[in-house]
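Notes to accompany the following structure.
What follows draws every value from the coordinates through simple rules; no lab data is involved. It should be emphasised that the depicted structure is a prediction, and the values quoted were computed from it without experimental measurement. A quick note on method: Cβ atoms are made from the backbone with ideal geometry, for glycine too, and the neighbour counts reach across all protein chains shown.
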């Protein structure tokens, strides 16, 4: 449907378009040329159910794992091409800075891990050097300005495996304790209450959760229910390990959840920056039991529903 709508926009050469980030508003007027809109590749505007973390001139869409950045540059002597190139370079640098601030685990951001591995830092710079140009505009008036919007899909590039494998996440996760087996035999009543879920939704709207690429789910007693080691590599690269959303109904209707998603409430968050989720021991028992028997954890069929992130959360 999105591609159809985008094609229709291009065909009719709509007369106006607007996108906005905190402290940045971009208005395009006049007829678009097909080369200036590329929304078939990346979604914009973002659906309201997506969990989006806004920074000053960048936005991280934690639902689709796409990073957006916008920038403007004044025209000097009417040189549009030069201004557009400068705006693109600025947006690219802002996008890279946003990547550095992404939480990988509960203890490290990408920048902190990259800082310990120079080769990985250089590789990130290279991979992020060519983000998709989504829109561009030149506005004349009292202050002639060129503005652009760019985006980078972490899943379709080599950036996601670089972040979660090439800079030490595997080593960090290997140091975590393995979960203990389910302590007692499950009763028939207990088993019948599970009903073979096809996906897991964690309702974390009541806890102060911070998104991360590799969060963990823990029981109240400290047992590890889920982390990145339980995900199969192919599924992780396709879905990003965990999907975040801001709307419970949209999460239940998402194709990733299948026909029978199980909903569990988060009790609190754990560790230094609030990325890891704590569920009740009873829910943890069920999830550990299911993890060994059903594929939804291995296939990353996990959605975490959070409250929308305030625009000034990490400016």
Exercise. Where the centroid of each part is defined by its Cα atoms, how far is the range 75-129 from the range 252-300 in Å?
Worked result: 33
Problem set entry | Antiparallel content of DSSP bridges confined to the range 196-305, in %, to 5 | 25
Seminar exercise, completed: Taking a crude spin-label model, label points 7 Å out from Cα along the C-beta direction, the residue 289 to residue 252 distance in nm is 2.3
For this session: State, to one decimal in nm, how far the label point of residue 56 lies from the label point of residue 140, with both points 7 Å from Cα in the Cβ direction.
Result: 3.2
Exercise. Relative to a virtual label point 7 Å from the Cα of residue 271 in the Cα→beta-carbon direction, which members of the range 96-133 show backbone nitrogen distances below 19 Å?
Worked result: 100-117
Problem set entry | Simple spin-label estimate for residue 196 and residue 100 in nanometres, 7 Å along Cα-Cβ | 5.1
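Given 0.36 nm per residue, what is the gain on full extension from residue 117 to residue 281 after removing their alpha carbon distance, in nm?
Value of the extension gain: 55.3 nm.
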Problem set entry | Ratio Rg/Rh, restricted to the range 196-305 and using Cα atoms, in which Rh is the Kirkwood radius | 0.92
